[in-house]
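Below you'll find the structure, written out as structure tokens, and then a few comments.
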Amino acid sequence: MAEPITALSDSLFNQLQNESFVLLHTLDAESGSPTSNAISWVYAVDSGRLRFAVDGRSRLVANLSANPDSCITVFSSGTVNAVYGRAALVSESLEGVPFKLVCFDIAISAVRDAMFYGARLSVAPEYEKTYDKRAADKLDGQVFAAMKKA
């Protein structure tokens, strides 16, 4: 059996230097059931750590406080990657952001190709912001700058 991959590849690291659509999987703090949430304020700090920010009112904060085991699904060129690890609180409030965002790091324990056999991802998921583009760009800039300083 091959050794498990415990760090991001160069291509995955480079992809996660910019805003990306990913799925964050946690365990619900109340029910213990798996949950999935789409997020985009995520980036790779280094090959062994992901950082992300979520609204302070989100259930994700309670979920990760109760059980830090988590997974981030990343849609890459031709495949889907599951990045597993344990989340740790970085900041309860990011400076320079107009509302309370909580910042976490995930220490990566494994990276797995999660695409089913005999297939490749032909088109990565796309999304668009549904509010004022200038406001969205400004907020994204504030959030990423604050996450990088945290």
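I'd like to know if segment 93-109 contains one or more residues that are in contact with a Leu (Cβ under 8 Å, 6 or more places away or on another chain), over 26 Å from A145 (Cβ atoms) and surrounded by 14 or more Cβ atoms within 10 Å (Cβ to Cβ).
No, every residue in segment 93-109 fails to be in contact with a Leu (Cβ under 8 Å, 6 or more places away or on another chain), over 26 Å from A145 (Cβ atoms) and surrounded by 14 or more Cβ atoms within 10 Å (Cβ to Cβ).
Report, by residue number, each residue of segment 33-64 that is out of contact with any strand residue (DSSP E or B) (no Cβ under 6 Å at 6 or more places or on another chain), charged (D, E, K, R) and under 25 Å from K149 (Cβ atoms).
D46, D55, R57
Looking only at residues that are among the aliphatic types (A, V, I, L, M) and farther than 16 Å from S47 by Cα in segment 81-104, which one is farthest from the chain's Cα centre (by Cα)? Step through it out loud before you land on a result.
In the first step, residues of segment 81-104 are kept if they are among the aliphatic types (A, V, I, L, M); the result is 82-83, 87-90, 94, 97, 101-102.
Next, only the ones that are farther than 16 Å from S47 by Cα stay: 88-90, 94, 97, 101-102.
Numbers: A88: 13, L89: 14, V90: 14, L94: 16, V97: 18, L101: 14, V102: 13 Å.
The qualifying residue farthest from the chain's Cα centre (by Cα) is V97.
Name the residue that is farthest from K129 (Cα to Cα), counting only residues in segment 27-57 that are assigned to a strand (DSSP E or B) and among the small types (G, A, S).
Taking segment 27-57 and keeping what is assigned to a strand (DSSP E or B), we get 27, 34-39, 42-46, 49-55.
Now narrow it down to the ones that are among the small types (G, A, S): 36, 38, 44, 53.
Numbers: S36: 20, A38: 13, A44: 22, A53: 17 Å.
Per the stated criteria, the residue is A44.
Of the residues L60, L24, L89, only one is assigned to a strand (DSSP E or B), surrounded by 15 or more Cβ atoms within 10 Å (Cβ to Cβ), at pLDDT 95 or above and not hydroxyl-bearing (S, T, Y); which? Let's see the steps before the verdict.
On the way: L60 fails: assigned to a strand (DSSP E or B); L89 fails: surrounded by 15 or more Cβ atoms within 10 Å (Cβ to Cβ).
Among L60, L24, L89, only L24 is assigned to a strand (DSSP E or B), surrounded by 15 or more Cβ atoms within 10 Å (Cβ to Cβ), at pLDDT 95 or above and not hydroxyl-bearing (S, T, Y).
Answer with yes or no whether N67 is under 15 Å from the mean Cα position of the chain (by Cα) and farther than 16 Å from A146 by Cβ.
Details: under 15 Å from the mean Cα position of the chain (by Cα): no; farther than 16 Å from A146 by Cβ: yes.
No.
Contact list please: Cβ distance under 6 Å, first residue in segment 48-60 and free of Cβ contacts under 8 Å to residues at least 60 places away in the same chain, second residue surrounded by fewer than 17 Cβ atoms within 10 Å (Cβ to Cβ) and of a type in the set (K, R), pairs at least six apart or on different chains.
G56/K100
Filter segment 113-138 for residues that are more than 18 Å from S20 (Cα to Cα) and either basic (K, R) or in contact with a helix residue (DSSP H, G or I) (Cβ under 8 Å, 6 or more places away or on another chain) (or both) and give the result.
Of everything in segment 113-138, those that are more than 18 Å from S20 (Cα to Cα) and either basic (K, R) or in contact with a helix residue (DSSP H, G or I) (Cβ under 8 Å, 6 or more places away or on another chain) (or both) turn out to be R120, R134.
Looking at (1) in contact with a strand residue (DSSP E or B) (Cβ under 8 Å, 6 or more places away or on another chain); (2) β-branched (V, I, T); (3) modelled with pLDDT under 95, find the lone condition where V123 falls short.
Of the numbered conditions (1) in contact with a strand residue (DSSP E or B) (Cβ under 8 Å, 6 or more places away or on another chain); (2) β-branched (V, I, T); (3) modelled with pLDDT under 95, the odd one out for V123 is (1).
Checking P4 against (1) assigned to a strand (DSSP E or B); (2) out of contact with any Asp or Glu (no Cβ under 9 Å at 6 or more places or on another chain): exactly one of these is not met. Which one?
Of the numbered conditions (1) assigned to a strand (DSSP E or B); (2) out of contact with any Asp or Glu (no Cβ under 9 Å at 6 or more places or on another chain), the odd one out for P4 is (1).
The values are calculated or read from the model by the stated rules, or taken from the named source; none is laboratory data. Owing to the predicted nature of the structure, the values given are computational and were not obtained by experimental measurement. Cβ sites come from the backbone with ideal geometry, for glycine too, and all protein chains shown count toward neighbours.
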